[in-house]
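Visitor: Encoded as structure tokens, here's the structure I'll be asking about.
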Amino acid sequence: MSEHVTAPHPAEHTTTTTERGSFCTARCSCGWYGPARRARSLAREDAEQHERAALPGQRRP
């Protein structure tokens, strides 16, 4: 099951993690999503990296 979230403002990034079976995935309100991870901590790190990369004035990797 997939849920699409539209960002209220393009500059806003709200990340969450979702679980599907044994895997956890980081997702963002901008439409970005990270790879499926077995470790929740890695999915949270993916979300944190995305939020840092999306900060205004910073280059994206």
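Visitor: Taking amide H positions as placed 1.01 Å from N in the peptide plane, with prolines and chain starts having none, which residues 5 or more places from Cys30, or on another chain, fall under 5 Å of its amide H?
Guide: Placed amide hydrogens put Thr14 under 5 Å from Cys30.
Visitor: Return the sequence-ordered ³J(HN,Hα) values of the range 33-49 in whole Hz as given by the Karplus equation 6.51 cos²θ - 1.76 cosθ + 1.60 applied to θ = phi - 60°, using x for Gly and Pro.
Guide: 8, x, x, 5, 10, 7, 9, 4, 4, 5, 5, 5, 5, 4, 5, 4, 5
Readers should treat all values here as calculations from the given coordinates under stated rules, not as data from a laboratory. Because the structure is predicted, anything quoted here is derived from the model rather than measured.
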